[in-house]
Amino acid sequence: MSKTDSYAVFGHPINHSKSPRIHSLFAEQADQNIDYVAKDVPAECFRASANAFFNRGGKGLNCTVPLKELAWQYADVLTERAQLAKAVNTLALQDDGTIIGDNTDGIGLIRDLTINLGIKLIDKRILILGAGGASRGILAPLLAEQPRQLIIANRSVEKADTLANQFSALGAISSARFSDLNGQFDLIINATSASLSNQLPPMADNLLSNTGCCYDLAYANQPTAFVHWGIEHGASKSIDGLGMLVEQAAEAFYLWRQIRPDTQPIIRLLGSERQTH
Ligand code: NDP
């Protein structure tokens, strides 16, 4: 039996994380001998906890709220997508002892949208609600798909303005207040954390095109408020972020183990398990 390699997810809070389950399913599928645990790590303890983890021989970490920016500062080297996102959700110990920081959230979303859900992004009008860390991570990969238009709306509009300016070299991106939004969108992505408190972002009723889709980055055992909004407003698909969660985890697993898990059976399994909750 090969030696067990040690991985973990750090975050605060962390008790509801699905990452240990997802990575154990990947490991089982790919016949990999790994141990993956969730650890509650507040921001002020992040550096010491990460140092202790790697000093004990840990191979890789996932970092979630509120640690992604701290993980970005912690990494010795960054992938290009982590540099653009200014946030890291995956740290990996390399053979030379340095720690690489990556951001797999954006590619996870793109894979779920385009491969799992069959949603085409080229030449589409996309609206992103929210301008926090998750928005920052998804902007470059979305712009790489060459949408016709990408608008970011945020309650504090100056944060949306800043993001639109920072990413303007990569494509047709602009910012707006919720109250100034008009026109119809082929895809509305909810990247606010409103669903976590069962709320909706303050958006008008007429923003979704006839064949448009809604995607909530948040996920829950029940349909989120935004998924309900999409269904009620005639979305052709209204989906939450479970698929993105599995896909971003698969990219992390690939970085650590150089094996790409088959994600679709795992998304199906987790989806069917929550229907029984
Ligand atoms: P942040 O805390 O960085 O940002 C939160 C954003 O939500 C801000 O833009 C904030 O606006 C906005 N917001 C919060 N509440 C409301 C509200 N009631 N109405 C309107 N806007 C609101 O969070 P993250 O960007 O890290 O995460 C956002 C969401 O994405 C979370 O639900 C998270 O779970 C999910 N996520 C899912 C992933 C997946 O794999 N499926 C991966 C990463 C994130 P303001 O600036 O005005 O305060």
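The values are calculated or read from the model by the stated rules, or taken from the named source; none is laboratory data. Note that the structure is predicted; figures quoted are calculated from it, not measured. Methodologically, a virtual Cβ is constructed for each residue, glycine included, from the backbone with ideal geometry; neighbour enumeration extends over all protein chains shown.
Among residues of segment 43-55 that are touching a residue at least 12 places away in the same chain (Cβ under 8 Å), those with a Cβ under 7 angstrom from a residue that is assigned to a helix (DSSP H, G or I) and not charged (D, E, K, R), sequence gap 6+ or separate chain, pair up as Ala43/Leu70; Phe46/Leu70; Arg47/Tyr74; Ala50/Tyr74. Scanning segment 63-90 for residues being in a loop (DSSP other than H, G, I, E, B), farther than 16 Å from Gly108 by Cβ, without any contact (Cβ under 8 Å) to a residue 40 or more places away in the chain and hydrophobic (A, V, I, L, M, F, W, C) gives a total of 1. Here segment 141-164 is the region considered, the condition is being near the ligand (Cβ under 8 Å from one of its atoms) and not in a helix (DSSP H, G or I), and the residue that is nearest to Ala249 (Cα to Cα) is Asn154. Scan segment 1-25 for residues that are within 16 Å of Asn89 (Cβ to Cβ) and outside any strand (DSSP E or B) and the total you get is 8. From the set of residues in segment 91-121 that are in contact with a Gly (Cβ under 7 Å, 6 or more places away or on another chain), free of Cβ contacts under 8 Å to residues at least 60 places away in the same chain and not small (Gly, Ala, Ser), which is farthest from Ala134 (Cα to Cα)? Top of the filtered list is Leu93. Among the residues making up segment 254-272, those that are away from the ligand (no atom under 14 Å from the Cβ) and either in contact (Cβ under 8 Å) with a residue 60 or more places away in the chain or in contact with a helix residue (DSSP H, G or I) (Cβ under 9 Å, 6 or more places away or on another chain) (or both) are Leu255, Trp256, Arg257, Ile259, Arg260, Pro261, Asp262, Gln264, Pro265, Leu269. For segment 139-146, check the following and say yes or no: at least one residue is modelled with pLDDT under 95 and not aliphatic (A, V, I, L, M). No, segment 139-146 contains no residue that is modelled with pLDDT under 95 and not aliphatic (A, V, I, L, M). Cβ separations smaller than 7 Å between residues 6+ apart or across chains give the following pairs from segment 220-237 residues that are modelled with pLDDT under 95 to residues that are surrounded by fewer than 18 Cβ atoms within 10 Å (Cβ to Cβ): Asn221/Arg274; Asn221/His277.
Hey, among the residues in segment 219-234 that are surrounded by 21 or more Cβ atoms within 10 Å (Cβ to Cβ) and hydrophobic (A, V, I, L, M, F, W, C), which one's nearest to the ligand (Cβ to nearest atom)? Among those residues, the one meeting the criterion is Phe226. Scanning segment 88-140 for residues that are near the ligand (Cβ under 8 Å from one of its atoms), over 18 Å from Ile239 (Cα atoms) and either buried (at least 19 other Cβ atoms within 10 Å of the Cβ) or of a type in the set (S, T, N, Q) (or both) yields Asn89, Ala131, Gly133, Arg136, Gly137. Residues in segment 49-69 that are among the aliphatic types (A, V, I, L, M), crowded, with 19+ Cβ neighbours inside 10 Å and more than 15 Å from the chain's Cα centre (by Cα): Ala50, Leu61.
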